[in-house]
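Below is one structure, written out as C-alpha cells; the observations come after it.
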Amino acid sequence: MTGAVETALRARIDAGGKCLVPYITGGLGDDWLDTVRAVAAAGADVIEIGMPFSDPVMDGPTIQEANDRALEAGVTPQTILDDLRHADIGVPTAVMTYGNIAYHMGFERFANSLAAAGVSGCILPDVPLEEVGEWASAADEAGVETVMLAAPTAPDERLPLIVERARGFVYGVGLLGITGVRSALAASAVEIAGRLKGVTDKPVLVGVGVGTPEQAVEVSQVSDGVVVGSAVVQRMLDHAGPEGVAALVGEFRAALDEA
Amino acid sequence: MTMAEPTESGRFGDFGGMYVPETLVPACQELDRAFRDAWGDPAFRNELDHLLRTYAGRPSPLTECHRLGEELGCRILFKREDLNHTGSHKINSVLGQALLAKRMGKTRIVAETGAGQHGVASATAAALFGMECVVYMGTVDIERQKLNVFRMQLLGAEVRAAETGSQTLKDAVNEAMRYWVSAVEDTHYCLGSVMGPHPYPWMVREFHRVIGDESREQCAELLDGGVPDYVVACVGGGSNAAGIFAGFADTDAQLIGAEPAGGAAVGRAVPGIVHGSKSYLMQDEWGQVLEAESISAGLDYPGIGPEHAHLAASGRARYEPVTDAEVVEAFQLCSRTEGIIPALESAHALAWIAKMRDEVAGKTILVNMSGRGDKDVNQMMDVLGS
C-alpha cells in the first residue's frame with residue numbers, strides 16, 4: 001500500500017512538477033504550527049517535522065541551535081505530536097528525529113504515536129539499513145512510511161538494498177557532510193540523484209546542502225525534488241514569522257515550477 | 001566466559017551495533033574489514049608489538065603497593081599504564097589505529113578527547129606517522145586541561161573547541177563524528193574508547209588487550225600461577241577496563257568497574273542509542289541524553305561501551321559508583337603512600353577499594369593504574385585550596 005507521503009510526491013511528479021519538502025523544527029516558537037500551515041500553503045508537497053534530540057550528529061549549527069532552543073523551551077516528542085494531532089495542515093508530514101527518541105519510547109509505541117498524530121512518515125538518520133529492521137517492522141505495521149537515506153559514499157551494490165527498504169521517498173544525501181547551507185551545490189548532489197534514479201522508480205529527493213532556489217533547480221534537473229532544511233530553519237531562528245518562512249518556501253516553489 | 005568477537009552485526013548480547021549516519025556506514029564496514037585483515041596478519045602484529053616495545057615502553061611493570069595495601073587492608077598490585085609514553089593506556093589503541101589508518105591509506109586522523117589523554121596520544125601517533133591530526137575537545141575541558149591542550153599543539157595537532165551542549169566529552173564526540181561525516185574519504189576517526197559503532201568497541205578493546213595479557217602473566221609469576229581476587233578499573237567509556245578485563249574474563253577474578261557517581265550509566269541501567277551503539281545511557285524520560293558530571297574530564301561521559309553493558313547485564317562484571325570526594329581522598333592517599341600521583345580517572349578505582357575495604361579485606365586486588373596525574377595537578381591545587 002502506498003502511503004500519504006509517496007502519494008503526495010507522486011501526484012506532483014505525475015503532473016510534471018518537482019517536489020518540495022521543507023523542514024520545520026517542531027516546537028520552535030509558539031507559532032510553529034502556523035508556520036507549518038503557511039509553508040504548506042506556499043507550495044510544500046510534504047513537510048518534515050524535526051523532533052529535537054540532544055545529540056544530533058547529522059546536523060549542522062543551524063538545526064543544532066533550533067534544537068537547543070526548542071528543548072530549552074520544554075518541547076518533547078509528546079508536545080510536538082499533541083500539537084500536530086490537532087493541526088489542519090493540508091499536506092502529509094514526516095517526522096525526522098534520531099534513533100534514541102524512538103527507541104526510548106519503544107519502536108511500536110513511537111510508530112503508533114506518529115500514526116495517531118496524523119504523521120505519515122519518519123526519518124531516523126542514525127539508523128541505517130543494517131539497524132533499521134526492528135523499527136521498520138513497527139513502522140510498517142502502524143502504516144508509517146520509513147524514509148531511507150542514501151549517501152555519496154554508498155557503493156553501487158548498496159543502493160538497491162536501500163531503495164528497496166525505503167517508503168515515502170528515497171532521501172539522497174547531497175554531499176559528504178552535515179546539514180547546512182553551502183555557497184554552491186556539491187557535484188555529489190547531482191551524482192547521487194542520478195545513481196538513485198538509475199535503480200528505483202520511487203521518488204528521489206535530495207537534501208543536505210540544498211540551500212537556495214537555484215541549487216534546488218539545479219539538482220532537480222536529475223532528482224524528483226528537494227528537501228530544504230537549514231535555510232528554512234534559519235528564517236525561523238531569525239524570527240521571520242510564518243509569513244517570512246512561507247515567503248522563502250514560495251521562492252523555492254516558484255523556482256522549481258518555472259524550471 | 002571470554003571477551004570474544006562480537007556477532008557479525010557488532011553485538012555483545014543485546015548491545016552494540018552500528019547506529020551511524022548512512023554516509024559513515026561504508027567507512028565502518030571498510031574499517032571492520034581492514035581491522036580483521038590486519039589483526040590476522042603477523043606482519044601487522046609484529047610492527048605494532050615493535051612500536052609498543054620500542055616507542056611506548058611496553059611491557060608496563062606490575063608494582064606491588066605495600067604501603068597502600070597496608071593502609072587499606074588488602075594486597076594491591078598496580079598495572080602501571082601510567083608509565084607508558086604519553087602517560088596513559090591510551091597510546092596502545094592509538095598506535096594500533098594509526099598503523100591501521102596508514103595501512104588503509106588515510107592521511108589524517110580526527111579524535112575526540114575529554115581529559116586530553118587520548119588527544120595527546122592521538123597527536124603523538126600522528127606526529128610519529130607524519131599524519132595530520134584534528135582533536136575536538138569540549139570548551140569546559142579545554143579550560144580544565146590547559147596543559148594537555150598545549151601538549152597537543154606542540155605535537156602539531158589542531159585542537160578545536162566543541163562549544164555545543166555540555167561542552168565536554170560527549171559533545172567532543174558529536175563534533176568529531178560530524179567532522180568525520182565531512183571528511184570520511186581521507187580521514188580515520190581515531191575513537192578513544194570502547195564505544196561508538198562496530199567495529200570500534202571490539203577493535204579498541206583488542207588494541208588494549210595487551211594490558212590484560214601482560215597482567216595475567218605478571219600476576220601468575222607473582223601469585224604462584226594464580227590470579228588476583230579482584231581486577232578493578234575506572235570506567236567512563238571503558239577502554240582501560242576492557243583491556244585489563246580481557247585478560248581475566250575467563251578466570252574466577254571478580255571484575256569491577258568504578259564509575260563516577262555523576263556519570264554512572266550502568267548504575268542507572270537504561271539502554272539507549274547514541275554515538276553509534278546501543279548501550280546503557282544516562283537520559284531523561286524522553287530519551288534526551290543527560291550531561292554527566294565528574295571531577296575527572298576523562299570519565300565525564302553519560303554512556304559506556306556496549307561490551308561493558310553486556311558484562312554488567314550478564315553478571316560477569318560489577319559496575320559501582322564512587323563520588324568525587326572519595327576520588328579526591330584516594331588521589332591523595334595514593335600519592336602519599338606510594339609516591340605515585342594517579343590520574344583522577346585511575347583514582348576512581350582506588351576509591352572503590354577504599355570504599356569497599358570490608359569486602360576486600362585480605363584479598364589480592366589488581367588495579368589498572370591507567371594514567372598518571374601530572375595533568376590533574378593544576379585542578380587539584382584548586383580543589384585542595386593550596
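Couple of notes before you dig in:
- Rg ratio for segment A:98-195: its Cα radius of gyration over 2.2 N^0.38 Å, N being its residue count, equals 1.15.
- With both labels modelled 7 Å from their Cα along Cα-to-Cβ, the A:A115 to A:D30 distance reads 3.6 nm.
- Chain B, helix-only ellipticity at 222 nm - DSSP H runs n ≥ 4, -39,500 (n - 2.57), divided by all residues, nearest 500: -13000 deg cm²/dmol
- All-pairs alpha carbon distance profile, the protein assembly as shown, 20 Å steps from 0, percent: 20, 50, 25, 5, 0
- Rounded to the nearest 500, the helix-only mean residue ellipticity at 222 nm of chain A stands at -14000 deg cm²/dmol, with each DSSP H run of n ≥ 4 adding -39,500 (n - 2.57).
- Percent of C-alpha pairs per 10 Å bin in segment B:12-121, short distances first: 12, 30, 33, 17, 7, 1.
- The orientation-averaged projected area of the convex hull spanned by the Cα atoms of segment B:238-375 comes to 8.7 nm².
- Based on every Cα atom in segment A:125-259, Rg and the maximum pairwise Cα distance Dmax equal 15.4, 45 Å.
- Largest-first principal axis extents, alpha carbons of segment B:190-256, Å: 40, 18, 16
- One way to sum up the overall shape of chain A is the equivalent ellipsoid from its Cα gyration tensor, whose semi-axes run 24, 22, 17 Å, largest first.
- Working note: Debye formula, equal point scatterers on the alpha-carbon atoms of segment B:298-364, no solvent; log10 I(q)/I(0) at q = 0.19 Å⁻¹ is -0.86.
- The ratio of the alpha-carbon radius of gyration of segment B:90-148 to the globular-protein estimate 2.2 N^0.38 Å is 1.11.
- Inter-centroid distance (Cα atoms) of segment A:121-196 relative to segment A:6-45, Å: 19 Å
- Checking the cross-link pairs B:K170/B:K355; B:K278/B:K375; B:K106/B:K375; B:K170/B:K375; B:K79/B:K106 against a 23 Å limit on the alpha carbon distance flags B:K170/B:K355; B:K278/B:K375; B:K106/B:K375; B:K79/B:K106 as lying beyond it.
- Centre separation in Å (Cα based) which lies between segment A:47-64 and segment B:149-222: 25 Å
- 37 °C / 0.692 mPa s Stokes-Einstein diffusion coefficient of segment A:175-252, Kirkwood radius on C-alpha pairs, µm²/s: 254 µm²/s
- Using C-alpha pairs under 8 Å with a sequence gap of at least 6, the mean separation divided by the residue count of segment B:69-217 gives a relative contact order of 25 percent.
- Among A:A150, A:A246, A:A142, residue whose mean-square fluctuation peaks in a GNM of chain A (springs only between Cα atoms under 10 Å): A:A142
- GNM flexibility winner over chain A from A:Q64, A:Q215, A:Q78 (Cα, springs under 10 Å): A:Q78
- Inter-site label distance for B:Y55 and B:T251 at 7 Å from Cα along Cβ, in nm: 3.0 nm
- Relative to the 2.2 N^0.38 Å rule of thumb, segment A:1-42 has a C-alpha radius of gyration ratio of 1.41.
- Highest-fluctuation residue, A:D59, A:D82, A:D45 considered, GNM on chain A with Cα pairs under 10 Å: A:D82
- Over all pairs of different C-alpha atoms, segment B:1-59 has a mean inverse distance whose reciprocal, the Kirkwood radius, equals 13.8 Å.
- For chain B, DSSP calls about 30 percent of its internal beta bridges antiparallel.
- Calculated on alpha-carbon atoms, Rg and Dmax of segment B:84-221 in Å: 14.6, 50
- Our analysis of chain B gives Rg over Rh at 0.93, with the two radii drawn from alpha carbon positions and Rh computed by the Kirkwood formula.
- Helix B:200-222 axis, angle to chain B major axis (alpha carbon atoms, nearest 10°): 30 degrees
- Residues B:H118, A:H86 arranged by fewest to most Cβ contacts within 10 Å: A:H86, B:H118
Bear in mind that the values in this text are calculations on the coordinates, not laboratory data. Just so you know, these numbers come straight off a predicted model, no measurement behind them. No Cβ is skipped: glycine too gets one built from the backbone with ideal geometry, and neighbour counts run over all protein chains shown.
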